[in-house]
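Only one structure is covered here, and it is reproduced in the block below.
The numbers here are math on the coordinates, done by the rules we state, and not lab data. This is a predicted model, so every value here is computed, not measured. Reconstructed Cβ throughout: ideal geometry from the backbone, glycine too, with neighbour counts over all protein chains shown.
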Amino acid sequence: MLNYDGEPLLRMEGIHKRYGSVHALKGIDFGVYPGEVVGLIGDNGAGKSTLIEIITGVHQPSEGIVYWNGEETVISSVDKARALDIETVYQDQAVVDDRSVAQNVFLGRELTASIGPFDFLDKSTMREEAETLTRELGLDIASPNQEVRFCSGGEKQGVAIARAMYFDADLVILDEPTTALAVTGVREVMKFIEQLKNAGTSCIFITHNIQHGYSISDRFVVLSRGEKLADLKHEETSPDELEEIQTRAVSA
Ligand SMILES: Nc1ncnc2c1ncn2[C@@H]1O[C@H](COP(=O)(O)OP(=O)(O)OP(=O)(O)O)[C@@H](O)[C@H]1O
Ligand SMILES: [Mg+2]
């Protein structure tokens with residue numbers, strides 16, 4: 001069960017982001033609790049990507065404070081975010097096409113073993129682990145040796161999710177997971193989020209399609225023109241109401 005009285009995993013207070021004269025975020029308070037799935041929605045240019053890029057260390061806020069597990073933290077780089085166990089899953093950049101599924105799961109964090117004084121890459125363990133993970137995720141990948149370029153868009157995201165699960169990410173961020181994916185792909189991604197949730201991992205996902213994400217989200221945050229319009233728990237709202245808040249903002 002989610003504990004909203006406890007300490008959030010991530011808490012952001014009064015976040016502003018300026019790109020030159022563009023004021024992309026105007027004093028946003030945002031956060032995510034342990035094990036919580038938050039859907040981030042809003043029209044084009046609302047500031048969704050900017051907000052998650054601050055969490056993933058791509059950008060620094062112009063103003064505001066970020067707390068991680070209750071401690072004031074500067075997420076100064078993408079590596080820093082990764083060291084905090086924050087994983088980001090992008091539609092395409094998440095995997096390297098000409099490497100195998102197993103190589104992608106362990107990319108940059110390869111497992112090694114040693115015999116006497118010699119260290120070597122533990123390829124068989126990586127293959128076995130990748131096979132177990134993809135099977136658990138329900139991915140129809142013939143072999144962990146398969147090159148990722150032969151995977152569908154949804155399967156590629158699955159490989160990135162497998163990576164997040166293996167390395168036990170505390171927070172997984174999915175930017176626009178459902179665009180350009182076929183309907184079955186959308187279902188796959190929603191299933192991945194469900195599995196992350198079951199594993200107790202917090203998740204923030206950006207979506208343009210409220211209907212798709214509604215059932216798995218614990219909470220929705222609506223942004224418009226750099227401001228937070230709504231912050232509603234699943235049981236306090238409905239897909240129709242969320243659509244309406246967005247539409248009202250666009251036409252205002
Ligand atoms: N690197 C950048 N340099 C200058 N302006 C930027 C940059 N990134 C974003 N912006 C501007 O900041 C505002 C917020 O953009 P952002 O990409 O965060 O919106 P978004 O909600 O992700 O939109 P979309 O749904 O189209 O992806 C926009 O006005 C955008 O043009
Ligand atoms: Mg965006």
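Rounded to the nearest 0.05, what FRET efficiency is calculated for Phe167 and Arg18 with R0 set to 30 Å and r the Cβ-Cβ distance?
About 0.35, to the nearest 0.05.
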Considering the chain as a Gaussian network with a 10 Å cut-off on Cα pairs, which listed residue, Glu87, Glu13, Glu188, attains the greatest mean-square fluctuation?
Glu13
Using Cα-Cα distances under 8 Å and only pairs 6 or more residues apart, what relative contact order does the stretch 54-121 have, in percent?
22
To test your reading of the geometry: what angle, between 0 and 90 degrees and rounded to tens, separates the Cα axis of helix 183-198 from the longest principal axis of the chain?
90
Between Met1 and Arg149, Cβ-based FRET efficiency (R0 45 Å, step 0.05) works out to 0.60
Working from Cα positions, state the angle (0 to 90°, nearest 10) between the long axis of helix 153-166 and the longest principal axis of the chain.
80
Enumerate the amide H contacts of His23 below 5 Å, restricted to partners 5 or more residues apart or on another chain; note that Pro and chain-start residues carry no placed amide H.
none
Give me, ordered by chain and number, the residues 5 or more places off Val89 or on other chains with an amide H under 5 Å from its own placed amide H.
Ile173, Leu174, Asp175
Global size of the stretch 99-150 as Cα Rg and Dmax, reported in angstrom:
12.0, 39
The stretch 99-150: relative contact order as a whole-number percent, Cα under 8 Å and 6+ apart:
47
Build a GNM of the chain with springs between Cα atoms under 10 Å: which of Phe120, Phe192, Phe150 gets the top mean-square fluctuation?
Phe120
Would you pull out the residues with amide H under 5 Å of Gly31's amide H, same chain only if 5 or more places away, H placed 1.01 Å from N?
Met12
Mind computing the radius of gyration and Dmax over the alpha-carbon atoms of the chain? Å is fine for both.
18.8, 70
Starting with the highest mean, order 46-56, 16-26 by the number of other Cβ atoms within 10 Å, averaged over the residues of each peptide.
46-56, 16-26
Under a cut-off of 18 Å between alpha-carbon atoms, report the aspartates and glutamates in cross-link reach of Lys233, not counting same-chain residues fewer than 8 places apart.
Asp5, Glu7, Asp29, Glu36, Glu194, Asp218, Glu241, Glu243, Glu244
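Residue separation times 0.36 nm, minus the C-alpha to C-alpha distance between Asp29 and Asn44: what's the value? Mind showing how you got there, number by number?
Values: separation 15, 0.36 × 15 = 5.40 nm, distance 1.98 nm.
This chain segment gains 3.4 nm when fully extended.
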